[in-house]
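Since the structure comes first, as C-alpha coordinates, the remarks are kept for the end.
The values are calculated or read from the model by the stated rules, or taken from the named source; none is laboratory data. Everything numeric in this text was worked out from a predicted model, so none of it was measured. No Cβ is skipped: glycine too gets one built from the backbone with ideal geometry, and neighbour counts run over all protein chains shown. Heads up: the accessible areas ignore ligands, DNA and RNA and are worked out on the full protein's heavy atoms, side chains in. Shrake-Rupley method; radii C 1.70, N 1.55, O 1.52, S 1.80 Å.
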Amino acid sequence: MGRRDFTPGHDRGRVLVDVATMLVAGGEAIADIDTLRHQDQVLGPVASPATVWRALDQLADPPAKRVAAARAKTRARVWELMPDGLPAARVADTLLPTDLVVLDVDATIVLAHSEKEHAARTFKKTFGYHPLGVWCDNTGELLAARLRPGNAGSNTAADHKQALTEAIAQIAVRVVGPLASHSSMSC
(Lines give C-alpha, C1' and ligand atoms only; values in the text may rest on other atoms or scores of the structure.)
Protein backbone atom coordinates (compact mmCIF):
# COMPACT_ATOMS: atom_id res chain seq x y z
CA MET A 1 0.00 0.00 0.00
CA GLY A 2 3.03 2.24 -0.21
CA ARG A 3 3.09 5.26 -2.48
CA ARG A 4 6.08 6.98 -4.05
CA ASP A 5 7.19 10.19 -2.40
CA PHE A 6 4.74 9.76 0.51
CA THR A 7 5.44 8.53 4.01
CA PRO A 8 2.22 8.40 6.04
CA GLY A 9 2.16 9.15 9.75
CA HIS A 10 0.59 5.71 10.25
CA ASP A 11 1.73 2.69 8.26
CA ARG A 12 -1.29 1.63 6.18
CA GLY A 13 -0.80 -2.06 6.96
CA ARG A 14 -0.72 -1.24 10.67
CA VAL A 15 -3.94 0.77 10.26
CA LEU A 16 -5.62 -2.32 8.75
CA VAL A 17 -4.41 -4.44 11.68
CA ASP A 18 -5.90 -1.87 14.07
CA VAL A 19 -9.21 -2.00 12.17
CA ALA A 20 -9.21 -5.81 12.44
CA THR A 21 -8.46 -5.54 16.17
CA MET A 22 -11.27 -3.03 16.60
CA LEU A 23 -13.72 -5.33 14.79
CA VAL A 24 -12.72 -8.34 16.89
CA ALA A 25 -13.24 -6.21 20.01
CA GLY A 26 -16.83 -5.51 18.90
CA GLY A 27 -16.43 -2.31 16.91
CA GLU A 28 -19.13 -1.62 14.38
CA ALA A 29 -18.15 1.71 12.84
CA ILE A 30 -14.90 3.39 11.77
CA ALA A 31 -15.23 5.83 14.68
CA ASP A 32 -14.93 2.84 17.06
CA ILE A 33 -11.19 2.83 16.28
CA ASP A 34 -10.99 5.42 19.07
CA THR A 35 -11.76 2.66 21.60
CA LEU A 36 -8.24 1.29 21.02
CA ARG A 37 -6.52 4.47 22.16
CA HIS A 38 -6.50 3.44 25.83
CA GLN A 39 -4.40 0.40 24.80
CA ASP A 40 -1.51 2.44 23.37
CA GLN A 41 0.96 0.63 25.70
CA VAL A 42 0.05 -2.60 23.91
CA LEU A 43 -0.95 -1.44 20.42
CA GLY A 44 1.17 1.65 19.96
CA PRO A 45 -0.24 4.77 18.31
CA VAL A 46 -3.69 4.25 16.79
CA ALA A 47 -4.81 6.14 13.69
CA SER A 48 -7.71 8.59 13.77
CA PRO A 49 -11.00 7.69 12.06
CA ALA A 50 -10.09 10.09 9.22
CA THR A 51 -6.77 8.27 8.69
CA VAL A 52 -8.63 4.92 8.69
CA TRP A 53 -10.96 6.23 5.98
CA ARG A 54 -7.98 7.37 3.87
CA ALA A 55 -6.30 3.96 4.31
CA LEU A 56 -9.47 2.16 3.26
CA ASP A 57 -9.86 4.47 0.25
CA GLN A 58 -6.39 3.37 -0.88
CA LEU A 59 -7.55 -0.25 -1.10
CA ALA A 60 -7.98 -0.18 -4.87
CA ASP A 61 -7.70 -3.42 -6.83
CA PRO A 62 -3.97 -4.18 -6.54
CA PRO A 63 -3.73 -3.56 -2.76
CA ALA A 64 -7.06 -5.31 -2.13
CA LYS A 65 -5.76 -8.37 -3.98
CA ARG A 66 -2.61 -8.35 -1.87
CA VAL A 67 -4.70 -8.10 1.31
CA ALA A 68 -6.84 -11.04 0.13
CA ALA A 69 -3.71 -13.07 -0.61
CA ALA A 70 -2.32 -12.28 2.85
CA ARG A 71 -5.64 -13.33 4.44
CA ALA A 72 -5.58 -16.62 2.52
CA LYS A 73 -1.98 -17.31 3.54
CA THR A 74 -2.75 -16.58 7.20
CA ARG A 75 -5.90 -18.73 7.10
CA ALA A 76 -3.96 -21.64 5.57
CA ARG A 77 -1.39 -21.44 8.37
CA VAL A 78 -4.06 -21.27 11.08
CA TRP A 79 -5.89 -24.26 9.59
CA GLU A 80 -2.59 -26.20 9.48
CA LEU A 81 -2.08 -25.49 13.18
CA MET A 82 -5.50 -26.78 14.24
CA PRO A 83 -4.72 -29.79 16.45
CA ASP A 84 -7.59 -31.90 15.13
CA GLY A 85 -7.53 -30.47 11.62
CA LEU A 86 -10.37 -28.61 9.98
CA PRO A 87 -13.63 -29.22 11.88
CA ALA A 88 -16.36 -31.16 10.13
CA ALA A 89 -19.31 -29.18 8.80
CA ARG A 90 -22.79 -30.16 9.93
CA VAL A 91 -25.54 -30.35 7.31
CA ALA A 92 -29.05 -31.61 8.10
CA ASP A 93 -27.82 -32.77 11.53
CA THR A 94 -25.15 -34.94 9.89
CA LEU A 95 -21.40 -34.45 10.20
CA LEU A 96 -19.71 -34.38 6.81
CA PRO A 97 -16.21 -35.74 6.15
CA THR A 98 -13.50 -33.50 7.65
CA ASP A 99 -11.76 -33.03 4.30
CA LEU A 100 -14.88 -31.38 2.86
CA VAL A 101 -15.22 -27.59 3.03
CA VAL A 102 -18.82 -26.34 2.94
CA LEU A 103 -19.45 -22.81 1.71
CA ASP A 104 -22.63 -21.05 2.80
CA VAL A 105 -23.79 -18.23 0.53
CA ASP A 106 -26.33 -15.87 2.00
CA ALA A 107 -27.66 -12.36 1.48
CA THR A 108 -29.40 -10.09 3.95
CA ILE A 109 -30.89 -6.64 4.17
CA VAL A 110 -28.95 -3.90 5.96
CA LEU A 111 -31.03 -0.80 6.58
CA ALA A 112 -29.71 2.69 5.91
CA HIS A 113 -31.51 5.57 7.57
CA SER A 114 -30.29 8.14 5.09
CA GLU A 115 -29.22 8.25 1.45
CA LYS A 116 -25.82 6.59 1.84
CA GLU A 117 -23.70 5.83 -1.23
CA HIS A 118 -25.23 2.97 -3.26
CA ALA A 119 -28.18 2.52 -0.86
CA ALA A 120 -31.47 1.78 -2.62
CA ARG A 121 -35.04 0.68 -1.98
CA THR A 122 -35.15 -3.02 -1.11
CA PHE A 123 -37.60 -5.73 -2.11
CA LYS A 124 -38.82 -5.66 1.52
CA LYS A 125 -39.98 -2.04 1.02
CA THR A 126 -37.13 -0.69 3.16
CA PHE A 127 -34.05 1.33 2.17
CA GLY A 128 -30.42 0.23 2.35
CA TYR A 129 -28.16 -2.53 1.12
CA HIS A 130 -28.46 -6.20 0.14
CA PRO A 131 -24.92 -7.56 0.77
CA LEU A 132 -23.94 -11.08 -0.19
CA GLY A 133 -21.56 -13.11 1.97
CA VAL A 134 -19.85 -16.48 1.77
CA TRP A 135 -18.98 -18.27 5.00
CA CYS A 136 -17.01 -21.43 5.70
CA ASP A 137 -19.47 -23.65 7.59
CA ASN A 138 -16.59 -25.67 9.04
CA THR A 139 -15.14 -22.72 10.95
CA GLY A 140 -17.80 -19.99 10.75
CA GLU A 141 -15.34 -17.63 9.02
CA LEU A 142 -16.52 -15.00 6.57
CA LEU A 143 -14.50 -15.71 3.42
CA ALA A 144 -15.92 -13.10 1.05
CA ALA A 145 -18.51 -10.34 0.97
CA ARG A 146 -20.00 -8.17 -1.74
CA LEU A 147 -21.66 -4.88 -0.83
CA ARG A 148 -24.66 -4.48 -3.11
CA PRO A 149 -27.43 -1.87 -3.31
CA GLY A 150 -30.75 -2.67 -1.69
CA ASN A 151 -32.36 -3.36 -5.05
CA ALA A 152 -29.84 -6.09 -5.96
CA GLY A 153 -31.54 -9.36 -6.84
CA SER A 154 -31.44 -12.28 -4.41
CA ASN A 155 -30.44 -14.78 -7.08
CA THR A 156 -28.11 -12.74 -9.29
CA ALA A 157 -25.77 -15.36 -10.75
CA ALA A 158 -22.97 -12.89 -11.54
CA ASP A 159 -22.87 -11.69 -7.91
CA HIS A 160 -22.86 -15.26 -6.60
CA LYS A 161 -20.12 -16.30 -9.01
CA GLN A 162 -17.92 -13.36 -8.02
CA ALA A 163 -18.44 -13.94 -4.27
CA LEU A 164 -17.82 -17.69 -4.59
CA THR A 165 -14.67 -17.09 -6.66
CA GLU A 166 -13.31 -14.78 -3.96
CA ALA A 167 -14.27 -17.25 -1.21
CA ILE A 168 -12.66 -20.24 -2.93
CA ALA A 169 -9.46 -18.21 -3.33
CA GLN A 170 -9.40 -17.96 0.49
CA ILE A 171 -9.27 -21.73 0.92
CA ALA A 172 -5.93 -23.51 0.92
CA VAL A 173 -6.47 -26.55 -1.29
CA ARG A 174 -3.41 -28.26 0.21
CA VAL A 175 -5.05 -28.17 3.65
CA VAL A 176 -8.39 -29.63 2.57
CA GLY A 177 -9.75 -31.86 -0.13
CA PRO A 178 -12.61 -31.17 -2.56
CA LEU A 179 -14.87 -28.15 -2.26
CA ALA A 180 -18.65 -28.23 -1.91
CA SER A 181 -21.09 -25.35 -1.96
CA HIS A 182 -24.38 -24.94 -0.15
CA SER A 183 -26.49 -21.91 -0.87
CA SER A 184 -29.26 -20.59 1.34
CA MET A 185 -31.10 -17.63 -0.15
CA SER A 186 -33.34 -16.66 2.75
CA CYS A 187 -33.57 -13.02 3.79
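Tabulated values for the structure
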{"quantity": "Candidate set: segment 155-182, residues that are at pLDDT 55 or above and either open to solvent by less than 30 Å² (accessible area, probe 1.4 Å) or in a strand (DSSP E or B) (or both); chosen: the one farthest from Met82 (Cα to Cα)", "calculated": "His160"}
{"quantity": "Selection within segment 49-79 - within 20 Å of Ile168 (Cβ to Cβ), open to solvent by 80 Å² or more (accessible area, probe 1.4 Å) and modelled with pLDDT of 85 or more", "calculated": "Arg71, Lys73, Thr74, Arg77"}
{"quantity": "Hits in segment 29-44 (condition: at pLDDT 85 or above and either surrounded by fewer than 11 Cβ atoms within 10 Å (Cβ to Cβ) or closer than 20 Å to Ala69 by Cα (or both))", "calculated": "Ala29"}
{"quantity": "Which listed residue is free of Cβ contacts under 8 Å to residues at least 40 places away in the same chain and among the aliphatic types (A, V, I, L, M), from Ala72, Ala64, Ala68, Ala55", "calculated": "Ala64"}
{"quantity": "Close pairs from segment 10-31: first at positive phi, partner of a type in the set (Val, Ile, Thr), Cβ under 9 Å, at least 6 apart", "calculated": "Gly26/Thr35"}
{"quantity": "Checking Asp84 against (1) open to solvent by less than 80 Å² (accessible area, probe 1.4 Å); (2) farther than 22 Å from Gly133 by Cα, the condition it does not meet", "calculated": "(1)"}
{"quantity": "Close pairs (9 angstrom Cβ cut-off, 6 or more residues apart or separate chains): over 28 Å from Gly140 (Cα atoms) in segment 106-118, surrounded by 15 or more Cβ atoms within 10 Å (Cβ to Cβ) and of a type in the set (A, V, I, L, M, F, W, C) anywhere", "calculated": "His113/Phe127; Ser114/Phe127; Glu115/Phe127"}
